[in-house]
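Laboratory data are not the source of any read-out in this text; all were calculated from the coordinates shown. Predicted model only: the values in this text are computed from it and were never measured. Cβ coordinates were reconstructed from backbone atoms using ideal geometry, including for glycine residues, and neighbour counts include every protein chain displayed.
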């Protein structure tokens, strides 16, 4: 069963459903993007069913909220 969480982005004023990243999403992001920020954008886009351009257009606080959820998914997986 896929894990997901819906949050309200405060600045963009919209709800976004974030899906836990798969191993494939993490691998593809690391192979296709040189820096950590670009990898984060790639993973966020895939997990939120958004384009990288849409993620890049977000206010940093909204991006950080998405990243916090994704990090939580990864932390939950490590503790399982």
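Worth a mention:
- Gain in span if fully extended, residue 4 to residue 38, counting 0.36 nm per residue against the direct Cα distance: 10.0 nm
- GNM remark for the chain: springs join alpha carbons under 10 Å apart, and the peak mean-square fluctuation among 14, 38, 56 falls on 14.
- Straightening the chain between residue 14 and residue 27 buys 1.8 nm, computed as 0.36 nm per residue apart minus the Cα-Cα spacing.
- Per-residue Cβ neighbour rank within 10 angstrom, fewest leading, 58, 74, 9: 74, 9, 58
- Over segment 4-75, the ratio between the Cα radius of gyration and 2.2 N^0.38 Å evaluates to 1.01.
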